[in-house]
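Here is the structure we will look at.
The values are calculated or read from the model by the stated rules, or taken from the named source; none is laboratory data. Remember, predicted model here, so these are calculated numbers, not experimental data. Cβ sites come from the backbone with ideal geometry, for glycine too, and all protein chains shown count toward neighbours.
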Amino acid sequence: MHLDVVRREMADHRRSSIACAVGAVLLVMLYIFFFPTIKTSGASVQQLLNSMPKGLRATFMGQGVNYLSPPGYLGTEFFSALLPVLLMVMGILAGGRALAGEEQNGTIDLVLSTPIPRRRLAAEKAVGALLPLFLVVAALWVVIMVIGPTQQVKVSAGALAVALVAVALLGSTFGMLAFLVASATGSAGLGGGVAAAVAVVMYALNLFGALVTGVTGFANAVSPFHWDGGAGVLVNGVPGFGILLLVVCPIVLLGLSLVAYDRRDLTA
C-alpha cells in the first residue's frame, strides 16, 4: 500500500494547509509574547472573570483555573474557542471536498479508473484530508515549547501534547462528519453545511450545559466540546472517556463513509 491517494490529496491542498499552519503559529506566538504584559497587569481581567457565573466561567476558563498562570492563560485564550474553531473549519472544508470535490470537478471518473478499490480510495482520501490537522498541532507544540519559556509561558510538554491531539481529534470528528455526508450525497456544500450546523448545536449545548445544572450530565456526555477538556485542558487534562470518544467517533464515521460511498451509484 503506497498511499498514493493520501499524498495526492495532501499535495492538492498544501497551500491552504500551509496557510492555516502559518496563521495558527503566528496567533500562538502573538499570545505568547503578550503574556508578560498580561501577567503584570491582568489582575482586573482575573477579577472580571471571577465575577462571571460559575458555569460560564468554567466554560471559558476551566474549573479552578488561574487565568494569570501560563496553562490558564493559554487554555482561556487559545483552547477555549480559537484553536478548536480553526481546526474544525480546516477539517470540515477538507472532509467535505475530499471525495465530493472530485465529483464536482469532473475528475472522479479518472480517479476511479485506477486499480484502487472504492473503499481504499475513500479511506486514503479521508486520511489525506485530515492528516494536516495533526501536522498543524505538531507545529504548535514545537513553537510553544521552544518560544514559550522565553516569555514565561512554561507548560507541561505531555499535557500540551495531549491537549493539542484532543483538539485535532475534535476537528477530525466534524471533518469526518462532513466527509460522510459529502461522500453519501456527492455534495461538498451539503457535507460542510451539515457538519457546521452540528458543530454549532454541540457548542451551544456545551455552553447551555454549563449554565443549567439539569442538563449538565447530558451535555457533557454528548458534546465533543466537553470531551476535549475545553479551556482548562492544560490544568485539568482531557477526560478519559473524552479522549476515547474523540478517537472512536472519527473511526466510526469513516466506517460509515466507506459503506455509503461503496454503495453509491456514481453513474446516476
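Kindly establish whether L87 is in contact with a Lys or Arg (Cβ under 6 Å, 6 or more places away or on another chain), over 17 Å from R264 (Cβ atoms) and modelled with pLDDT of 80 or more. Taking the combined requirement at face value, the residue does not satisfy it. Name the residue that is surrounded by the fewest Cβ atoms within 10 Å (Cβ to Cβ), counting only residues in segment 166-194 that are part of a helix (DSSP H, G or I) and polar (S, T, N, Q). Only one residue tops the list, namely T185. Pull up segment 209-237, narrow it to residues that are among the small types (G, A, S) and surrounded by fewer than 17 Cβ atoms within 10 Å (Cβ to Cβ), then point me to the one that is modelled with the highest pLDDT. Checking each candidate, the answer is A221. Just to be sure before I move on: is G242 in a helix (DSSP H, G or I) and exposed (fewer than 13 other Cβ atoms within 10 Å of the Cβ) in the structure I sent? Spelling it out, it is not the case that G242 is in a helix (DSSP H, G or I) and exposed (fewer than 13 other Cβ atoms within 10 Å of the Cβ).
In the set L135, L93, only one residue is modelled with pLDDT of 90 or more, assigned to a helix (DSSP H, G or I), within 13 Å of the chain's Cα centre (by Cα) and surrounded by fewer than 16 Cβ atoms within 10 Å (Cβ to Cβ); that residue is L135. When each of L169, L130 is tested for being within 24 Å of G189 (Cβ to Cβ) and of a type in the set (A, V, I, L, M, F, W, C), the lone residue that passes is L130. Between R97, R118, the distinction of being within 16 Å of R14 (Cα to Cα), basic (K, R) and in contact (Cβ under 8 Å) with a residue 60 or more places away in the chain belongs to R97 only.
Exactly one residue among A163, A197 is buried (at least 24 other Cβ atoms within 10 Å of the Cβ) and modelled with pLDDT of 95 or more, and that residue is A163. If the condition is being closer than 19 Å to M88 by Cα, touching a residue at least 24 places away in the same chain (Cβ under 8 Å), assigned to a helix (DSSP H, G or I) and among the hydrophobic types (A, V, I, L, M, F, W, C), then segment 203-238 contributes L207, F225, W227, A231, V233.
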